[in-house]
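For reference, the structure is listed below as structure tokens.
Since every read-out is calculated from the coordinates, none of them should be taken as a lab result. This one's a predicted model, so the numbers in the text were calculated from it and none came from an experiment. Neighbour counts are summed over all protein chains in view; Cβ atoms, including those assigned to glycine, are modelled from backbone coordinates with ideal geometry.
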Amino acid sequence: MIRIITLMENRAGGNKGLIAEHGLSFLIEADGKKILFDCGAGENTWKNSRKLNVDMNSADILAFSHSHYDHAAGFLTLAEKGLCADTYIGEGFFEEKYAYREGGYTYLGCGFGETFLKEHSRSVTVNKRSIVLTEHCTLETGFPRTCSFEQVPSRFVKWDGKEMCRDLFEDEQCLVIDLGQELAVIAGCSHPGILNMLKEISRRQKKQVTVVLGGTHLAEAEEERMEQTIGEMKRMGIRKIGMNHCSGTAAEERISRDPDISYIRLSVGSCIFL
């Protein structure tokens with residue numbers, strides 16, 4: 001049995017004692033290991049873990065979906081509190097990430113450097129494609145862009161040392177859970193495009209993805225793209241979707257009404273079993 005706990009997310013759930021804020025963090029218990037997938041934006045992820053009776057210092061593995069602050073900056077507090085796990089990042093994790101708005105730039109990066117990460121980790125591994133974490137859990141990255149309508153918003157940029165350029169999120173990772181004949185995918189923000197990610201994972205592992213959990217980054221998607229995405233997910237055989245963070249209210253409401261999909265809202269404190 002695999003348990004997935006939402007430690008941080010944008011909206012509160014049934015436990016009103018927990019803190020909700022813009023960010024994401026999951027704890028996955030599988031194969032006798034505890035996997036922390038993302039750390040949220042700040043100290044409130046650690047505060048929530050205390051109220052959920054989760055010992056963050058017992059985490060065996062830490063995996064970052066990407067280095068935006070709302071997924072990674074919470075590591076600063078967790079490290080100070082004693083977290084020291086085997087850590088996995090994607091290529092380009094430490095590139096300076098920004099958002100461009102109204103003629104100016106806002107820093108969106110993790111807020112720490114490679115030295116700090118190494119000092120507070122048992123080991124640091126850069127994932128270049130696929131890494132097996134446990135018997136049933138794999139980290140995947142490096143997603144070909146095959147769906148033309150899945151484009152990264154132009155406001156996301158990075159500093160390459162000389163100029164600002166488009167950020168295509170080469171560092172983005174997702175966690176894949178092998179359910180036997182099928183796969184479940186836990187996504188952080190799906191910046192490369194949720195369909196691009198799911199199709200490549202299915203191709204690599206030669207199994208059908210039937211469960212998708214986490215952020216799908218449909219919050220800014222126009223209705224046509226949203227319908228295309230949902231339709232394609234159904235054609236792929238996806239039957240259960242648990243959405244949160246950057247998925248967007250419109251997409252969540254649309255999927256919650258779909259008779260062919262079992263929908264779950266993964267609010268702060270939610271717990272599901274696979």
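Based solely on C-alpha atoms, express the radius of gyration and the Dmax of segment 39-112 in angstrom.
Rg, Dmax (Cα atoms, Å): 13.6, 45.
List the pairs from Lys206/Lys240; Lys47/Lys128; Lys47/Lys81 whose alpha-carbon separation is above 21 Å, in the order I gave them.
Flagged as over cut-off: Lys47/Lys128.
Given the options Cys110, Ala79, Asn53, identify the residue whose Cα lies farthest towards the positive end of the charge dipole of segment 42-121 (+1 on Cβ of Lys, Arg; -1 on Cβ of Asp, Glu).
Most positive-ward Cα: Asn53.
Arrange the peptides 265-274, 167-176 so that the one whose residues have, on average, the most other Cβ atoms within 10 Å appears first.
Ranking the peptides 265-274, 167-176 by packing returns 167-176, 265-274.
With no solvent and one point on each alpha carbon, what is the Debye value of log10 I(q)/I(0) for the chain at q = 0.11 Å⁻¹?
-0.56
How big is the dipole moment of segment 1-106 about its Cα centre under a simple scheme where the beta carbon of each Lys and Arg is +1, that of each Asp and Glu is -1, and everything else is neutral? Debye, nearest 20, please.
The dipole magnitude comes to about 520 debye.
Using the Karplus equation 6.51 cos²θ - 1.76 cosθ + 1.60 (θ = phi - 60°), what ³J(HN,Hα) coupling, rounded to whole Hz, does each residue of segment 124-131 give in order, writing x for Gly and Pro?
Per residue, the Karplus-derived 3J(HN,Hα) values read 10, 10, 8, 7, 9, 6, 9, 9 Hz.
Take every Cα-Cα pair in segment 118-176 and report what % of them are more than 16 Å apart.
For segment 118-176, the fraction of Cα-Cα distances above 16 Å is 63 percent.
Sort largest first and round to whole Å: the equivalent ellipsoid semi-axes of segment 82-209, each the square root of five times a Cα gyration tensor eigenvalue.
Square roots of five times the eigenvalues give 27, 22, 10 Å.
Got a sec? Charge dipole of the chain, +1 on Cβ for Lys and Arg, -1 for Asp and Glu; which of His136, Ile230, Gly17 is way out at the positive end?
His136
With point charges of +1 on the Cβ of Lys and Arg and -1 on the Cβ of Asp and Glu, referenced to the Cα centre of the chain, which listed residue (Val212, Ala99, Gln151) lies farthest in the positive direction of the dipole?
The listed residue farthest towards the positive side: Val212.
Determine the percent antiparallel among the DSSP beta bridges restricted to the chain, to the nearest 5.
Bridges in the chain that DSSP calls antiparallel: roughly 60 percent.
May I ask for the percentage of alpha-carbon pairs in segment 139-271 that lie more than 26 Å from each other?
Tail of the P(r) past 26 Å holds 20 percent of the pairs.
Picking from Pro259, Pro192, Pro153, which is most flexible by a Gaussian network model of the chain using Cα springs under 10 Å?
Highest fluctuation among the options: Pro259.
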